[in-house]
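A short worksheet on the structure shown next.
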Amino acid sequence: MLNTTRSQQLVTEAVAVMPGGVNSNVRLSQPAVFFERGEGAWMHDVDGNDYVDYMLGQGPNFLGHSPASVMDAVFDACGKGVIYSGRHPLEIDAAKKVIEALGWADMIRLGMSGTEADQAALRLARAATGRRKFIYFEGHYHGWLDNVLIDMIDGKPSVGSLGQYADYISDAIVIPWNDAAALEQALDQHKDEIAAVLMEPVMCNEGAVPPQPGYLKAARQLCDKHATILIFDEVITGFRIARGGAAERFGVEPDLAVYGKAVGSGWPVSVLAGKRHLMQHIADGSVTHAGTLNGNVMAAAAVAATMDALTESGLYARIETYGEKLKAMLAEVSAAHGMPLRLHGLGSVFHTAFGGHANEIRDGRDVNALDLGRYARFTHVMAAHGLWVPGRGIWFVSAAHDDKAFTATRERFDAACAQFMSAGTADLNVRIER
Ligand SMILES: Cc1ncc(COP(=O)(O)O)c(C=O)c1O
């Protein structure tokens, strides 16, 4: 068990000046640890403890913490100026490299967060189609704004926050994911009303559930049939599950897509990517996409340098191999302690929980039927043993995870399982993150 005395003191200071002592609600339920440094696959807290990090900033640190080439590029570029509200060449460099990596997009715009890029994609789809509604999938996440923050409560789409009113989500037609018949039915039923089908091409926010074979292709064909825009929200999958994201890995092209997280190696930046005929609506000014900070030097430099780093030969295979080996180890060690974990997903991003049922995990309902609460409590025990993982079950793997990180993970995970089985955590009240 780690000593976190200094962190505990800082919690008291933090809660006095920030709601919940944090700056994003997803962190409300995290163990009370304050970090001061991240390096490769490791984070170091203010008490001098180290952690093998599988949170990775909730995904951005795909190259590991503080990757030298990206850090140098950003510091060099920002030494000359940070924001111009004017054009600068690095924007072109970043755009060309992203377009090359994606392979299917003609143009991009830089933004600051996945949340706002999702809104830009929806607006663009509505402008292009003259339609208002969109398909939203149970368990998917597209940012925290009013029209897309949707929870399923008693099987019904409901607002995800107080202060949000039911009519704000009334443009969303909510259906289960990975069910081509449900999608076909919704599109048929709301003929000529649906601007967009908005999806995480791998359902990563709740679970890490890949599409069923043929599902993305079916979605593509149905969108074509109904002249509906297919939007991939690749904020997690982009540049992670392949250099060209899910579009490359599953061989299906969206019309528009949104990227964040890994695209800038942790620097704040997002990308809206699309086909030229759609992005043209922004070019002629008829669709507004704006932002004081969009395309700033830091963001453009981070994206360009990240794109260069992602061309390293064998990078994706190496990360997948590590992730598969990690999954196998977690399964084996947890089972040996009599607390077998359910694991599903890909090598670079997978999901763990305690198994509440024997079904194949295909959608949000299957994930929610798992014992997520017990797992969330277990993550606090893992943190106390130097493993930093999200409470909602997802694990992210980076390019920096190596043999040393693996060996430490195995030892620490083994110790965490032993403690969890002997002491239990039933009295620990941990809110399930979303
Ligand atoms: C799939 C997906 N879309 C959108 C978002 C929102 O991105 P951001 O937190 O950068 O606003 C997230 C964040 O986790 C996400 O996972």
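FYI, it's all coordinate maths here, none of it is from the lab. None of these values were measured; they are calculated from a predicted model. No Cβ is skipped: glycine too gets one built from the backbone with ideal geometry, and neighbour counts run over all protein chains shown.
In the chain, which longest range has no GluC sites (Glu not before Pro) that are both DSSP loop (not H, G, I, E or B) and surrounded by at most 14 other Cβ atoms within 10 Å? Present the calculation step by step, with values, prior to reporting the outcome.
Numbers: sites that count: Glu312, Glu360.
Maximal segment without exposed cleavage sites: 1-311.
What share of the DSSP beta bridges in the chain is antiparallel, in percent to the nearest 5?
Working: 31 of 47 bridges.
Around 65 percent antiparallel, to the nearest 5.
Take the Cα atoms of the chain, build their convex hull, and give its volume per residue in Å³. Could the numbers behind the result be given before it?
On the way: hull volume 63.9 nm³, N = 434.
With only Cα atoms used, the chain gives 147 Å³ per residue.
Using DSSP to call loops (not H, G, I, E or B), can you name the chymotrypsin sites (Phe, Trp or Tyr not before Pro) in segment 156-190 whose Cβ has at most 12 other Cβ atoms within 10 angstrom?
Details: sites: Tyr165, Tyr168, Trp177; in loops: Tyr165, Trp177.
When the chymotrypsin sites (Phe, Trp or Tyr not before Pro) of segment 156-190 are filtered for loop state and at most 12 Cβ neighbours within 10 Å, Tyr165 remain.
Calculate the spin-label point distance for Ala166 paired with Tyr84, positioning each point 7 Å from the Cα along the beta-carbon direction, and give it in nanometres.
Taking the two extended label points, one gets 5.2 nm.
Round to the nearest 10 and give me the degree value, 0 to 90, for the angle of helix 297-309's Cα axis relative to the longest principal axis of the chain.
So the helix axis and the longest Cα principal axis differ by about 80 degrees.
Name the residues whose placed amide hydrogens come within less than 5 Å of the amide hydrogen of Ile135, ignoring near sequence neighbours (fewer than 5 apart) on the same chain.
The answer is Ile173, Ala196, Val197, Leu198.
Once you put a point 7 Å from the Cα of Ala331 and another 7 Å from the Cα of Lys225, both along the Cβ direction, what distance in nm separates them?
3.6
Which lysines, on any chain, are close to Lys217 with Cα under 21 Å apart, when same-chain ones fewer than 8 places away are left out?
Leaving aside lysines fewer than 8 places away in the same chain, those within reach of Lys217 are Lys191, Lys225, Lys275.
In 5 Å bins starting at zero, report the fraction of Cα pairs in segment 173-291 per bin as a rounded %.
2, 11, 20, 22, 19, 15, 8, 2, 0
Assuming a ≥ b ≥ c are the square roots of the Cα gyration tensor eigenvalues, decide whether segment 223-300 counts as rounded (a/c under 1.5), prolate (otherwise, with a/b larger than b/c) or oblate.
Details: a/c = 2.79, a/b = 1.08, b/c = 2.58.
Note, shape of segment 223-300 comes out oblate.
At what distance in angstrom do the alpha carbon centres of segment 130-202 and segment 210-245 lie from each other?
16
Over the chain, with a Gaussian network built from C-alpha contacts below 10 Å, which listed residue (Arg132, Arg243, Arg87) shows the highest mean-square fluctuation?
Arg87
Provide the FRET efficiency to the nearest 0.05 for the Gln280-Asp308 pair, computing r from the beta carbons and using R0 = 25 Å. Could the numbers behind the result be given before it?
Working: r = 29 Å, r/R0 = 1.14.
According to the calculation, E is roughly 0.30.
Give the shape of segment 121-211 as rounded, prolate or oblate, defined through the alpha-carbon gyration tensor: a ≥ b ≥ c are the square roots of its eigenvalues, a/c under 1.5 means rounded, and otherwise the shape is prolate if a/b is larger than b/c and oblate if not. Intermediate values should be presented prior to the final figure.
On the way: a/c = 1.45, a/b = 1.08, b/c = 1.34.
Here segment 121-211 falls in the rounded category.
Show which lysines lie in cross-link reach of Lys404 when reach means a straight Cα distance below 18 angstrom and same-chain residues fewer than eight apart are skipped.
Within the straight-line limit of under 18 Å, Lys404 reaches these lysines: Lys325, Lys327.
Angle check, please: helix 5-17 long axis (alpha carbons) against the longest principal axis of the chain (alpha carbons), in degrees 0 to 90, nearest 10.
The answer is roughly 40 degrees.
Starting from the Cα-Cα distance between Ser69 and Glu320, subtract it from 0.36 nm times their residue separation and give me the gain in nm to one decimal.
Working: separation 251, 0.36 × 251 = 90.36 nm, distance 2.21 nm.
Between Ser69 and Glu320, full extension yields an extra 88.2 nm.
State the three equivalent ellipsoid semi-axes of segment 288-434, derived from the C-alpha gyration tensor as the square roots of 5 times its eigenvalues, in descending order and whole Å.
Numbers: eigenvalues 198, 80, 51 Å².
For segment 288-434, the ellipsoid semi-axes come out as 31, 20, 16 Å.
Which shape class, rounded, prolate or oblate, goes with segment 187-248 when its Cα gyration tensor gives a ≥ b ≥ c as root eigenvalues, a/c under 1.5 marks rounded, and past that a/b bigger than b/c marks prolate? Can you show the working numbers first?
Numbers: a/c = 2.09, a/b = 2.03, b/c = 1.03.
The shape class here is prolate.
Using only Cα atoms, tell me the angle between helix 372-384 and the longest principal axis of the chain; keep it within 0 to 90° and round to the nearest 10.
The angle comes out near 60 degrees.
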